[in-house]
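Data first, discussion second: the structure below is written as structure tokens.
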Amino acid sequence: MDNRQLIVINRGNLQRSTLVKHNESKDHKHAVQADHMRQQLYGTDPEVEKEEPIIHISESEKHLFRTTYFVAKQNLPNSFVNTQLDFLRLSGVDPEMKDLHSDTIIGVQKSLIHVLDEQMKSELQSAKYYGIITDESTDLSIHKKLIMYIRYVCKNTGDLKTQLVGDIRIADGTALTIANELRNKVKSLGLNMVNLVGFGSDGASVMFGRKGGVGQLLRNDAPLLTHVHCMAHRLALACSDASKEVPYLKHYRDTLKNLYVHVSGSGIRTFKLEAMQDIMQEPQLKLKDPINIRWLAMENAVTTVHKCYGSIVAYLQSNEGKNTIGDNIAEGLLKDVLHYKFPAFTAVLSDVLSVIGILSKQLQAESLDVSQLDILRDSALGRLNGLKNVTGTRTAEFKDNISANGSKLFFKGIQLTHANEKSQMDKLKNDYIGSVCHHLEQRLSNDSTSILKAFSVLEPRSLDLLSACETSDNLKELAEFYKISEMELKREFSGIETLMHGSYKQLTLSEFHKVLLRRHQEEYPLTSLLVTIAMCIPVTSVACERGFSLQNRIKIKARTSLTPDNLDILMKLSSGPSVHNFPYDKAIKHWRLEKKRRLAQLYKPSK
């Protein structure tokens, strides 16, 4: 019996035998045992003060945190955490925790997020320079959302990273609101706006306005800022502009759209088309929606029609002349697809869009930097111009399958109408390719600032393409814009130019940047600084497009009650490292120290 019990006896005049009887009871022994368990779980003794509490992490807690993170990575509802814990028990692993409350699961998620945020803050504060990528959208609950990514270079490794900062609900989409939200996020990360060197957006007027756009408002606090209109968005705009200059292309796109709507709108029609594909031994492909935005989805629609042209015609012919509304539409579509121009232009368009599709994927790469833009553009233009004189793969397939019988033309045994328009196809092809090349040159070459082109002097592969005068002018422009000594920069460059022409000749800007940081940073500090800035400038905003796709995968119709804060947490977890590489111990310690938790309650079912 301890002193506290004697005090209670003296003050309350309790009988000693009563207390002894209580001490020997099962209820008292269980209570004492539970108290010892809590002390072991908390790692602290209530009577002894310690500077840093010792946290004993149990296997059950590791199971809980791993399971919670796994569920979030799979974009599953939080209720699946309990389901997965039950599955572990069925598999012979006893996580002990059962029927966890949603607040407990959200608390675990917040501790996981805390670890990710702290790691990103640590890397950012050592990185110094950074860029921002942002875009706005509306989620399923009609909440106005602003998504923000940050682009920086890890100081120790030289690796380029693009990290999700937040999916923020905003009151409106005005430039001032967006700029203030971005400033607040930058401040919360412990960063200085002066070190913001790049801002990437989709080029909307609210972002790119010269007087009151977001980029201009941020430039008031960030004098070194370069605002870049996403190159992938520019490519889509260039193709859209080109299509407007070819009158037949609008009719062609309408035919593709009507064909897609007609077939995909009915399960019976879809089944009939699949049956025709099977009979004619053509690929089992579904018709695609030829939308003219979002990374040129029209390429897939055109390619599908080219590969399945025979089965499409056979399907439409099987419904020709019937009395139903759908069959009348099929009869009109049949007239369009049998026109000689349709399969011929499908082949041409498929060849052109295959080149554009490759360029689109290249411009969507997260590792894309300013030095690659001219190379990728010139390569695509060269292949497109080559299609004017050299027959493309799909066009060659079309010509190989054309046969004539007098004045009649047949493609894969199908008689085409308007065979007399065959001579017009070469002009139509050249007009379309010429229009595409013109708008690509215009959209991808011109920029709001010439500073992007000046960075080409820092890439070893591009150095031989520049004259001595161009090299000098580029270095001067970089020195003036970033307020460094032109004389010192040129002095450094005279030494580093030898390296760029020698063992580093074939390196890209990204590869050269890593070598420079690891081996020559102290020798060439100004050049290292400029190359780091070049890496931080985002030239594409596709990270935001992928972020909104992730948002829509998480917040589906069955989860419209997700709050903006919880959605933000789930998006960050889904974008985090792999399940195997997460530092769970740090998250568990944060969770345990966040507040005194009744951990014993986690080990029994709720009532």
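Each value in this text was obtained by applying a stated rule to the coordinates, not by laboratory testing. Being a predicted model, the structure only gives us computed values, none of them experimental. Glycine also receives a Cβ, built like all others from the backbone with ideal geometry; neighbour counts cover every protein chain displayed.
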Using a Förster distance of 41 angstrom, determine the FRET efficiency expected from the C-beta separation of residue 484 and residue 442, and round it to 0.05. 0.80
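Going down the list 62/557; 286/399; 121/572; 185/572, which pairs span over 22 Å between their C-alpha atoms?
Details: 62/557 32 Å; 286/399 25 Å; 121/572 14 Å; 185/572 15 Å.
Exceeds cut-off: 62/557; 286/399.
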Using only Cα atoms, locate the centre of the stretch 61-112 and the centre of the stretch 489-562, then give the distance between them in Å, rounded to an integer. 37
Which lysines, on any chain, are close to residue 250 with Cα under 20 Å apart, when same-chain ones fewer than 8 places away are left out? 288, 335, 341, 422, 427, 429
Please name which of 246, 562, 228 has its Cα lying farthest along the dipole of the chain towards the positive end, using unit charges on Cβ (Lys, Arg +1; Asp, Glu -1) and the Cα centre as origin. 562
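Using a cut-off of 13 Å between beta-carbons, work out the net charge of the residues near residue 386 (Lys and Arg +1, Asp and Glu -1, residue 386 not included). Please report the intermediate quantities before stating the final value.
Working: positive: 383, 388, 429; negative: 351, 378.
Value of the local net charge: +1.
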In Hz, Karplus ³J(HN,Hα) per residue of the stretch 399-415 (6.51, -1.76, 1.60; θ = phi - 60°; x = Gly, Pro): 5, 5, 9, 8, 10, 10, 9, x, 8, 8, 10, 10, 10, 6, x, 9, 6
Placing +1 at every Lys and Arg Cβ and -1 at every Asp and Glu Cβ, with all other atoms neutral, what dipole size does the stretch 457-536 have around its Cα centre, in debye to the nearest 20? 280
Ranked highest first by the average count of other Cβ atoms within 10 Å around their residues, in what order do 238-251, 60-73 fall? 60-73, 238-251
If you add up the charges near residue 157, with Lys and Arg at +1 and Asp and Glu at -1, over every other residue whose beta carbon is less than 10 angstrom from its beta carbon, what do you get? +2
Using +1 at the C-beta of Lys and Arg and -1 at the C-beta of Asp and Glu, which of 373, 363, 390 has the Cα lying farthest in the positive direction of the dipole of the stretch 345-397? 390
Students often get this wrong, so try it: which of (1) 59, 39, 20; (2) 69, 26, 23; (3) 40, 27, 25 is semi-axes √(5λ) of the Cα gyration tensor in Å as calculated from the structure shown? (1)
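Over the chain, what relative contact order in percent results from Cα pairs under 8 Å that are six or more residues apart?
Details: 796 pairs, mean separation 129.1, N = 607.
Relative contact order, the chain: 21 percent.
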Would you be so kind as to identify which of 500, 424, 263 lies farthest towards the positive end of the dipole of the chain, taking Lys and Arg as +1 and Asp and Glu as -1 on Cβ and the Cα centre as origin? 263
Might you report the magnitude of the Cβ-based charge dipole of the stretch 235-445 about its Cα centre, with Lys and Arg at +1 and Asp and Glu at -1, to the nearest 20 debye? 340
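What FRET efficiency do you get for residue 427 and residue 471 if R0 is 51 Å and r is their Cβ-Cβ distance, rounded to the nearest 0.05?
Values: r = 43 Å, r/R0 = 0.85.
According to the calculation, E is roughly 0.75.
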Calculate the dipole size of the chain relative to its Cα centre from +1 charges on Lys and Arg beta carbons and -1 charges on Asp and Glu beta carbons; express the result in debye to the nearest 20. 1460
Net charge of Cβ neighbours under 15 Å - reference residue 191; Lys, Arg +1; Asp, Glu -1: +3
Note the full-extension length gain between residue 183 and residue 102 as 0.36 nm times their separation in residues minus their Cα-Cα distance, in nm to one decimal. 25.9 nm
At 7 Å along Cα-to-Cβ for each site, give me the label-to-label distance between residue 414 and residue 237 in nm. 3.8
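Sort the following peptides by mean Cβ neighbour count (other Cβ atoms within 10 Å, averaged over residues), highest first: 80-91, 364-375.
Details: 80-91: 15.0, 364-375: 19.2.
In descending order of packing, they fall as 364-375, 80-91.
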Among the lysines, select those whose C-alpha is under 20 Å from the C-alpha of residue 490, and discard any that sit fewer than 8 residues away in the same chain. 453, 476, 505
